[in-house]
Amino acid sequence: MRFVEPKTVEQQSRAAVFRGRERLVHERTADVNALRALLYEHGHVFPVGIRYLDRMTALVEDETAELPALIREECQDLLAQIAEKAARIAERTTKLKALASQSDRARRLQTMPGVGPLTAIAVEAFGPDMAQFKTGRDFAAWLGLVPRQHSSGGKERLGRMTKAGQADIRRLLIIGAMSRLNWLGQRTITEGSWLSRMLARKPKMLVAIALANKMARQIWAMLTKNENYRDPALAVAA
């Protein structure tokens with residue numbers, strides 16, 4: 001059993017702002033889904049995702065669209081709730097970015113590709129003192145970013161990712177890893193590096209999980225050594 005130190009008041013305060021933003025995001029998603037379902041019941045089909053909110057808004061505001069008056073009013077009310085939550089989400093995002101700019105640790109973490117202000121604040125708010133972990137792999141295991149072991153008799157069998165650790169940091173690291181694997185992020189990947197070799201022979205989501213694990217170990221090294229991010233590929237070339 002691993003014991004960690006109690007969180008400070010500052011950590012709890014930042015965690016409260018972070019979780020407040022997450023709650024608003026979930027509520028906005030629920031409102032968008034309710035709006036899409038309401039329009040679907042009246043013959044207007046839209047794909048899943050908030051990116052299609054503008055198309056739904058245009059339909060509701062179109063006076064020539066075949067929507068009953070009561071349904072149009074209900075949709076307009078949902079749109080007002082979505083707009084109100086979006087404004088509150090933006091306000092908390094701005095606050096979290098300001099907090100990240102004021103912290104030396106958060107600024108150091110943001111030197112790593114794929115780590116933004118929200119990820120840096122999440123590590124500060126939810127992560128314990130890195131000195132409590134002997135290695136970076138211990139920190140990755142605490143996040144739930146390691147495969148489940150099914151080894152026996154000297155035979156190593158690895159299963160799926162455990163997902164038994166800190167969900168907020170783990171989710172943001174995976175999102176950050178995916179951002180490095182999109183068409184724009186792939187342009188910065190060094191030819192012949194570990195990441196480029198993985199992309200050539202493995203599915204993108206599997207590579208993202210492996211990269212998130214690597215990012216967690218690099219975060220441990222950066223915080224324990226008080227150093228900024230150093231690209232391993234450039235270090236090897238040097």
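The values are calculated or read from the model by the stated rules, or taken from the named source; none is laboratory data. Bear in mind that the values here come from a model prediction, so they are computed numbers and not experimental data. All Cβ positions, even for glycine, are placed from backbone atoms using ideal geometry, and neighbour counts span all protein chains on display. For the accessible areas, the whole protein counts, side chains as well, though only heavy atoms, and no ligand, DNA or RNA atoms are used. Shrake-Rupley method; radii C 1.70, N 1.55, O 1.52, S 1.80 Å.
Here are some notes:
- A full extension of the chain between THR29 and ARG107 corresponds to an added length of 25.1 nm, given 0.36 nm per residue minus the alpha carbon distance.
- Relative contact order computed over the chain (Cα-Cα under 8 Å; 6+ residues apart), in percent: 19 percent
- Neighbour net charge for LEU109 - beta-carbon separation under 12 angstrom, K R +1, D E -1: 0
- Aspartates and glutamates with Cα under 14 Å of LYS225, excluding same-chain neighbours fewer than 8 positions away: ASP104, ASP129
- Rounded accessible area of ASP104 (nearest 10 Å², 1.4 Å probe): 100 Å²
- Within the range 105-232: Cβ-based charge dipole about Cα centre, in debye rounded to nearest 20 (Lys, Arg +1; Asp, Glu -1): 420 debye
- Extension gain, ASP62 to ALA164: 0.36 nm times the residue separation minus the Cα-Cα distance gives 31.9 nm.
- Residues within the reach of a label modelled at ALA221 (point 7 angstrom out along Cα to beta-carbon, backbone nitrogen below 17 Å), restricted to the range 112-126, are 112-115.
- With helices as the sole contributors, the chain gives -20500 deg cm²/dmol at 222 nm; each DSSP H run of n ≥ 4 counts as -39500 (n - 2.57), and the sum is divided by every residue.
- Highest-first arrangement of 77-84, 105-112, 119-126, where packing means the average Cβ count within 10 Å: 119-126, 105-112, 77-84
- Kyte-Doolittle mean at least -1.0, axial Cα span of 20 Å or more - DSSP H helices of the chain: 9-40, 69-102, 167-181, 204-225
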